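Data first, discussion second: the structure below is written as structure tokens.
The values are calculated or read from the model by the stated rules, or taken from the named source; none is laboratory data. Being a predicted model, the structure only gives us computed values, none of them experimental. No Cβ is skipped: glycine too gets one built from the backbone with ideal geometry, and neighbour counts run over all protein chains shown.
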């Protein structure tokens, strides 16, 4: 039976986890623990129980059975994907989004604590949980009486299950290959047109390319390449890595490529944190030339009347 790794689709605005569902049979096969306030050592009770659920949202490298018609397979998430998904969950402001059995949107549930298990001394051990390094843990406060009484206290729900958008690693690689092939074909067509076609006035008709982007764009791409090497080149798609090489070398790029740069950098800017130089959001942004590339691309497209 095939095993498929799922990745975040960095090019999608819906990428990552959109909500956490409380379910009877969690796919990750790890139950949460329903906690009362006095059972949490780090908190205190004033005059009533503060209702909290503690459990694993995502366990790395754990095979999860899936079936699509007659097609049976397993999926899994790497430690890196688990960490990035947990970060994106909060970046997108989804901590108050919850569902019941993936079917009903419910209110009154909020993720109030989140962490990645880093070692054997993790506090999840305090609650008898034996989970691997890299697991994404969450605490969810339940201030919905019906959910607490009818589903949690009754034992009708036993764990967390994520809802979100991911992409098959194999399919992602195929998409990267298609984009690269399309760009190569476009460049070949441009070369033919530049060589063979002429206007009625005898001038060559050219599909323009440009390399007048500032030095800061080249430097950003070079820095992104260096930082990515330090994390074993785990960040960005193949297209992003190739784009960085082009920019770092100061190569001319087409109008279509400038459009892609501006589109990507506009979407991905919210994941660019200048204070976190090891994150893929930071590295991927630099690979595409960073903020100076976005400014240049926008200016160039306006100059050409493309936006």
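Among the numbered conditions (1) in contact (Cβ under 8 Å) with a residue 40 or more places away in the chain; (2) surrounded by fewer than 14 Cβ atoms within 10 Å (Cβ to Cβ); (3) part of a loop (DSSP other than H, G, I, E, B), the only one that residue 129 does not meet is (2). If you go through region 79-96 and keep only what is in a loop (DSSP other than H, G, I, E, B) and in contact with a helix residue (DSSP H, G or I) (Cβ under 9 Å, 6 or more places away or on another chain), you end up with 92, 94, 95. Can you tell me how many residues within region 260-282 are farther than 23 Å from residue 93 by Cβ and in contact with a helix residue (DSSP H, G or I) (Cβ under 7 Å, 6 or more places away or on another chain)? Residues flagged as farther than 23 Å from residue 93 by Cβ and in contact with a helix residue (DSSP H, G or I) (Cβ under 7 Å, 6 or more places away or on another chain) within region 260-282 amount to 3.
Just for region 270-295: of the residues that are more than 17 Å from the chain's Cα centre (by Cα) and outside any loop (DSSP other than H, G, I, E, B), which one is surrounded by the most Cβ atoms within 10 Å (Cβ to Cβ)?
We begin by selecting, within region 270-295, every residue more than 17 Å from the chain's Cα centre (by Cα); these are 274-275, 289-295.
Applying the additional criterion that residues be outside any loop (DSSP other than H, G, I, E, B) yields 290-295.
Working: 290: 23, 291: 16, 292: 17, 293: 27, 294: 22, 295: 17.
Top of the filtered list is 293.
Of the numbered criteria (1) at pLDDT below 75; (2) not in a helix (DSSP H, G or I), the one residue 137 fails is (1).
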